[in-house]
């Protein structure tokens, strides 16, 4: 009798455990939120972005509430907080912020643009004098070095595997392009360059 009761309890526990699936996944939404915050901070574009984020947060909350009413096996997502507060990340964010004022005139002249891998590419330098070309090369190289270091630090700080780096770069590429001013050059996902509208 006791043996049967133990078996019954074991079956109940196993059945209950089978109804919950835990997915450990790449935290794309959390990294997108962090990327948007970093790009906003670097470029000083907080106003409209905060309103957009509040609307997206409200939509996510509604979807989450609807999921709680579903029938059948439940899916529990491992809650992952993306850490972008390490000293190295803070220093890189500040370096990007400091470099932006030097880059902005080149964005405005369409001498550089945001590519689809989260970096800047030199584009049309025909209208620049020799000093401006040298300055552009220096600040663009510095920007790309800082961005590459930032993406690597985010990967390390959050203990994500090396396969996460291209995903982090893609997410940041979306943020850099989305938060570019109208008229700046951006590279779409197909690799074609266009003016931001």
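The values are calculated or read from the model by the stated rules, or taken from the named source; none is laboratory data. Here the structure is a predicted model, which means the values were calculated and not measured. Note that each Cβ is placed from the backbone with ideal geometry, even for glycine, and that neighbours are counted across all protein chains shown.
Applying the set (1) under 16 Å from residue 27 (Cα atoms); (2) touching a helix residue (DSSP H, G or I) at 6+ places or on another chain (Cβ under 7 Å) to residue 156 leaves exactly one unmet item: (2). When we screen 131, 74 for residues that are loosely packed, with under 13 Cβ neighbours inside 10 Å, modelled with pLDDT of 95 or more and over 23 Å from residue 172 (Cβ atoms), the only hit is 131. Residue pairs whose Cβ atoms lie under 6 Å apart, separated by 6 or more positions or on different chains, with the first residue in the stretch 116-130 and at negative phi and touching a residue at least 12 places away in the same chain (Cβ under 8 Å) and the second surrounded by fewer than 17 Cβ atoms within 10 Å (Cβ to Cβ) and in a helix (DSSP H, G or I), are 119/144; 125/133.
What are the residues in the stretch 144-177 that are under 21 Å from residue 91 (Cβ atoms), crowded, with 20+ Cβ neighbours inside 10 Å and in contact with a strand residue (DSSP E or B) (Cβ under 7 Å, 6 or more places away or on another chain), if any? Answer for the stretch 144-177, where residues must be under 21 Å from residue 91 (Cβ atoms), crowded, with 20+ Cβ neighbours inside 10 Å and in contact with a strand residue (DSSP E or B) (Cβ under 7 Å, 6 or more places away or on another chain): just 176. Scanning the stretch 179-197 for residues that are outside any loop (DSSP other than H, G, I, E, B) and either free of Cβ contacts under 8 Å to residues at least 12 places away in the same chain or buried (at least 18 other Cβ atoms within 10 Å of the Cβ) (or both) gives 185, 186, 187, 194. Within the stretch 109-122, if we keep just the residues that are in contact with a strand residue (DSSP E or B) (Cβ under 8 Å, 6 or more places away or on another chain) and crowded, with 19+ Cβ neighbours inside 10 Å, the residue that is nearest to residue 141 (Cα to Cα) turns out to be 120.
Out of curiosity, is residue 141 out of contact with any helix residue (DSSP H, G or I) (no Cβ under 6 Å at 6 or more places or on another chain), in a strand (DSSP E or B), at pLDDT 95 or above and farther than 22 Å from residue 37 by Cβ?
Taking the combined requirement at face value, the residue does not satisfy it.
Every condition in (1) modelled with pLDDT of 90 or more; (2) within 18 Å of residue 155 (Cβ to Cβ) is met by residue 80 except one, and the failing one is (1).
Can you tell which of 136, 96, 103 is within 27 Å of residue 82 (Cβ to Cβ), in contact with a strand residue (DSSP E or B) (Cβ under 8 Å, 6 or more places away or on another chain), touching a residue at least 24 places away in the same chain (Cβ under 8 Å) and part of a helix (DSSP H, G or I)? Checking each option against the conditions leaves just 103.
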